[in-house]
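Enquirer: Pasting a structure here, questions to come.
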Amino acid sequence: MDYLPVFMDMREKRALIVGGGLVASRKAALVAKSGPAMTVVSPEISDAMRVEVEAGNFRWIEREFRDEDVAGSSLVIAATDKHAVNQSVYAAASSRGIPVNVADEPELCSFILPAIVDRSPLVVAVSTGGNSPVLARWTKALFDRMLPARLGRLARLCGRLRPSVAERLHEPRARRKYWEDLLAGPIPDAVYAGRDHEAHRLAMAGLDQAADKGAPDGRVYLVGAGPGDPELMTLKGQRVLQKADVVLYDRLVPIEILEMCRREAEMVYVGKRNGDHPIPQQEISELLIGHATKGKCVVRLKGGDPFIFGRGGEELEQLAELGVPFEVVPGISSANGMASYAGIPLTHRDHAQSVSFWTGHTRDGSLDLDWQGMCSSGQTLVFFMGRANASLISEQLIEHGKCPSEPVALVQAATTRRQHIVRTSLATLPAASERLDLSLPTMIVIGSVVSLSSKLRWFEGCLDETIPVFPPHLSSTRVQNDAA
């Protein structure tokens, strides 16, 4: 974050605008909305600014800028077409510690004026840090379309209710739940329709109920964070993260999703990888139970989908036994995300009529799987966490009848900008796996659908490579004999 977004209280303060042209007029009109005393210094002013001066809203000093003009100002904006003047304004203001903005010269700005969606008293500010004002305006337009025109009326209703809520609901979680329920119920629609009395009546009735209930009960949400791309996080998952008191998150959850969490939430890292479990599973379960029994909203955040090789069932079993309330918010499975972004359809009428998911790493380290069942025709195999056992997977499948030339893809960091695809064969799977970055999560796809990847892959990760189909010691003649 290049700039700290800050909302300044400009009421009963002074703002100085240096310049009288169209750009200066627009910036002056924006600043004037926040209520300061407006002073304009410029030899000439636009017609729009003259209207404000004649109405007594702006004070106009009809001359060139002088350094002493900034004295007593809480905010200074320069918007002239003379670089030397703009530099003088910046120097005079910054030397006195006064926030200053120079139009179209980011290097002479201590703050940036954002694009604004005004639903006063609710205001949304959008900035690109000066990189692209057009993009900021484009984003502003998105918010303008999304946010109800009368959202400010809802904000004012909440403001009127705050003293009563603070007086009657002393527990912070009870207050937060009241506000969440208010915004999720019929009250906003009543406000937007102009039925303010009805909205206030419903709000007070809800407050009576909340005061009778007291602090809310604790609850655990098991949330799937998806395969890596933050845009694949579900809407319900985002909503739950916004009300969490505590978030226990895994290693594979990207920072962009962690930033969706409520800023006040307690963040607890419980990540693990093959052979490295800094916090044992039993301790994770105890943390969930402990926080929930204290009445907190607890989120267990897992990569992918928590019920597909995510141990979600194991963690919920203990909660169920102790009667701790819980909900499951599914996520897009890592297998689904990987396949879509790698251009590998897991089923295809000409290639595979079924798909099966397998773990490449079990609790005790052994890999006693139904190898024979995997070798039926028309099937795609997907292995989670299989890189460490790539040699065993290759050996067992070939031994049970799979053709050594069967197409294989190893996909790392799927759906992220670090996505790396290696296409190879079953016979060369062990050698290919040795070339991978051990720090990145890896999925293995086996089946003829892999051959479609080069044609259907649309997402550009960091690398895409193909290694020889057969290792040097394995001739094509032997492959044909093994297949027979």
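Enquirer: Determine, yes or no, whether residue 331 is outside any helix (DSSP H, G or I), modelled with pLDDT of 90 or more and of a type in the set (Gly, Ala, Ser). Can you show your working first?
Expert: On the way: outside any helix (DSSP H, G or I): yes; modelled with pLDDT of 90 or more: yes; of a type in the set (Gly, Ala, Ser): yes.
Taking the combined requirement at face value, the residue satisfies it.
Enquirer: Ok, one more. Which residues, counting only those in segment 23-46, are without any contact (Cβ under 8 Å) to a residue 24 or more places away in the chain and under 36 Å from the mean Cα position of the chain (by Cα)?
Expert: Scanning segment 23-46 gives 26, 29.
Enquirer: For segment 289-305, state whether one or more residues are modelled with pLDDT under 90, in contact with a Phe, Trp or Tyr (Cβ under 9 Å, 6 or more places away or on another chain) and not β-branched (Val, Ile, Thr).
Expert: no
Enquirer: Now, a different point. Restricting attention to segment 222-267, and to residues there that are open to solvent by 70 Å² or more (accessible area, probe 1.4 Å) and either over 13 Å from the mean Cα position of the chain (by Cα) or of a type in the set (Lys, Arg) (or both), which single residue is nearest to residue 179 (Cα to Cα)?
Expert: 239
Enquirer: Taking segment 268-286 only, how many residues are part of a loop (DSSP other than H, G, I, E, B), modelled with pLDDT under 80 and open to solvent by 60 Å² or more (accessible area, probe 1.4 Å)?
Expert: Residues of segment 268-286 that are part of a loop (DSSP other than H, G, I, E, B), as a first pass: 270-272, 274-275, 277-280.
Pick out the ones that are also modelled with pLDDT under 80 and you get 272, 274-275, 277-278.
Among the residues that remain, those that are also open to solvent by 60 Å² or more (accessible area, probe 1.4 Å) are: 274-275, 277-278.
Counting residues in segment 268-286 that are part of a loop (DSSP other than H, G, I, E, B), modelled with pLDDT under 80 and open to solvent by 60 Å² or more (accessible area, probe 1.4 Å) gives 4.
Enquirer: Let me ask something else. Which one of the conditions (1) more than 30 Å from residue 225 (Cα to Cα); (2) at pLDDT 90 or above; (3) open to solvent by 40 Å² or more (accessible area, probe 1.4 Å) does residue 428 fail to meet, given that it meets all the rest?
Expert: (3)
Enquirer: Within the bounds of segment 464-482, is there any residue that is at pLDDT 70 or above, under 27 Å from residue 253 (Cβ atoms) and charged (D, E, K, R)?
Expert: Looking only at segment 464-482, we keep the residues that are at pLDDT 70 or above, and these are 466.
When the remaining residues are screened for being under 27 Å from residue 253 (Cβ atoms), the result is none.
No, there is no match, as no residue in segment 464-482 is at pLDDT 70 or above, under 27 Å from residue 253 (Cβ atoms) and charged (D, E, K, R).
Enquirer: Does segment 172-197 hold any residues that are open to solvent by 30 Å² or more (accessible area, probe 1.4 Å) and in contact with a Gly (Cβ under 7 Å, 6 or more places away or on another chain), and which are they?
Expert: Result: 173, 181.
Enquirer: While we're looking at this one, here's another question. Give me the residue from segment 115-153 that is in contact with a Phe, Trp or Tyr (Cβ under 8 Å, 6 or more places away or on another chain) and under 28 Å from residue 84 (Cβ atoms) and, out of that set, least open to solvent (accessible area, probe 1.4 Å).
Expert: 129
Enquirer: Quick check: anything in segment 7-18 in a loop (DSSP other than H, G, I, E, B) and open to solvent by less than 60 Å² (accessible area, probe 1.4 Å)?
Expert: Taking segment 7-18 as the starting set, the residues that turn out to be in a loop (DSSP other than H, G, I, E, B) are 7-13.
Within this subset, residues satisfying the condition of being open to solvent by less than 60 Å² (accessible area, probe 1.4 Å) are 10.
Yes, because at least one residue in segment 7-18 is in a loop (DSSP other than H, G, I, E, B) and open to solvent by less than 60 Å² (accessible area, probe 1.4 Å).
Enquirer: All but one of (1) within 24 Å of the chain's Cα centre (by Cα); (2) in contact (Cβ under 8 Å) with a residue 24 or more places away in the chain hold for residue 132; state the number of the condition that does not hold.
Expert: For residue 132, the failing item is (2).
Enquirer: Turning to a different aspect of this structure: Return the pair list, or none, for Cβ contacts closer than 7 Å from residues in segment 373-394 that are of a type in the set (D, E, K, R) to residues that are not in a loop (DSSP other than H, G, I, E, B), at least 6 apart or on different chains.
Expert: Sorted first by the residue in segment 373-394, then by its partner, the pairs are 387/433; 387/442.
Enquirer: Name the helices (runs of 4 or more DSSP H) wholly within segment 129-230 that hold at least 2 residues that are touching a strand residue (DSSP E or B) at 6+ places or on another chain (Cβ under 7 Å)? I'd like the intermediate steps shown before the answer.
Expert: On the way: elements: 133-146, 151-168, 172-184, 187-192, 196-213.
Hits in segment 129-230: 133-146, 151-168.
Enquirer: Further question on the same structure: Of the residues 350, 368, which single one is more than 33 Å from the chain's Cα centre (by Cα) and farther than 22 Å from residue 424 by Cβ? Walk me through how you get there before you give the answer.
Expert: Details: 350 fails: farther than 22 Å from residue 424 by Cβ.
None of the others qualify; the one that does is 368.
Enquirer: Answer with yes or no whether residue 85 is at pLDDT 95 or above and over 14 Å from residue 15 (Cα atoms).
Expert: Working: at pLDDT 95 or above: yes; over 14 Å from residue 15 (Cα atoms): yes.
Yes, satisfied.
Enquirer: When only residues in segment 311-328 that are without any contact (Cβ under 8 Å) to a residue 40 or more places away in the chain and not in a helix (DSSP H, G or I) count, which is nearest to residue 250 (Cα to Cα)? So that I can check it myself, show each step before the final result.
Expert: Just the residues of segment 311-328 that are without any contact (Cβ under 8 Å) to a residue 40 or more places away in the chain, to begin with: 311, 313-314, 317-318, 320-323.
Still in the list and also not in a helix (DSSP H, G or I): 311, 323.
Details: 311: 12, 323: 24 Å.
Here the residue is 311.
Enquirer: Name the pairs: first residue in segment 228-251 and among the β-branched types (Val, Ile, Thr), second residue open to solvent by 40 Å² or more (accessible area, probe 1.4 Å) and part of a loop (DSSP other than H, G, I, E, B), Cβ to Cβ under 8 Å, at least 6 apart or on different chains?
Expert: 234/330; 234/332; 246/296
Enquirer: Right, here's the next one. Please find, within segment 390-425, the residue that is farthest from residue 456 (Cα to Cα) out of those that are open to solvent by less than 10 Å² (accessible area, probe 1.4 Å) and polar (S, T, N, Q).
Expert: It comes out as 394.
Enquirer: Also, I was wondering about something else. Kindly check whether there is at least one residue in segment 296-310 that is of a type outside the set (D, E, K, R) and in a helix (DSSP H, G or I).
Expert: Restricting attention to segment 296-310, the residues satisfying the condition of being of a type outside the set (D, E, K, R) are 297-299, 301, 303-304, 306-310.
Keeping just the survivors that are in a helix (DSSP H, G or I) gives none.
So far as segment 296-310 goes, no, none of its residues is of a type outside the set (D, E, K, R) and in a helix (DSSP H, G or I).
Enquirer: Within segment 334-351, count every residue that is within 20 Å of residue 221 (Cβ to Cβ) and not in a helix (DSSP H, G or I).
Expert: Within segment 334-351, the first condition is being within 20 Å of residue 221 (Cβ to Cβ), and the residues that meet it are 334.
Going one step further and asking which of them are not in a helix (DSSP H, G or I), we end up with none.
The number of residues fulfilling the criteria is 0.
Enquirer: Looking at (1) of a type in the set (A, V, I, L, M); (2) closer than 26 Å to residue 329 by Cβ; (3) open to solvent by 40 Å² or more (accessible area, probe 1.4 Å), can you tell me which one residue 210 breaks?
Expert: Residue 210 satisfies every listed condition except (3).
Okay, residues lined up against (1) basic (Lys, Arg); (2) out of contact with any helix residue (DSSP H, G or I) (no Cβ under 7 Å at 6 or more places or on another chain); (3) open to solvent by 10 Å² or more (accessible area, probe 1.4 Å):
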position: 289; (1), (2), (3): no, no, yes
position: 293; (1), (2), (3): no, yes, yes
position: 306; (1), (2), (3): no, no, no
position: 310; (1), (2), (3): no, yes, yes
position: 317; (1), (2), (3): no, yes, yes
position: 334; (1), (2), (3): no, yes, yes
position: 340; (1), (2), (3): no, yes, yes
position: 348; (1), (2), (3): no, no, yes
position: 351; (1), (2), (3): no, no, yes
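Enquirer: Additional query: So, restricting to strands (runs of 3 or more DSSP E) that lie completely within segment 21-114, which ones have at least 2 residues that are surrounded by 21 or more Cβ atoms within 10 Å (Cβ to Cβ)? Let's see the steps before the verdict.
Expert: On the way: elements: 37-41, 58-61, 75-78, 100-102.
Hits in segment 21-114: 37-41, 75-78, 100-102.
The values are calculated or read from the model by the stated rules, or taken from the named source; none is laboratory data. On a predicted model such as this, the values are computed, not experimentally measured, just so you know. Cβ sites come from the backbone with ideal geometry, for glycine too, and all protein chains shown count toward neighbours. Ligands, DNA and RNA are excluded from the accessible area calculation, which covers all protein heavy atoms including side chains. Shrake-Rupley method; radii C 1.70, N 1.55, O 1.52, S 1.80 Å.
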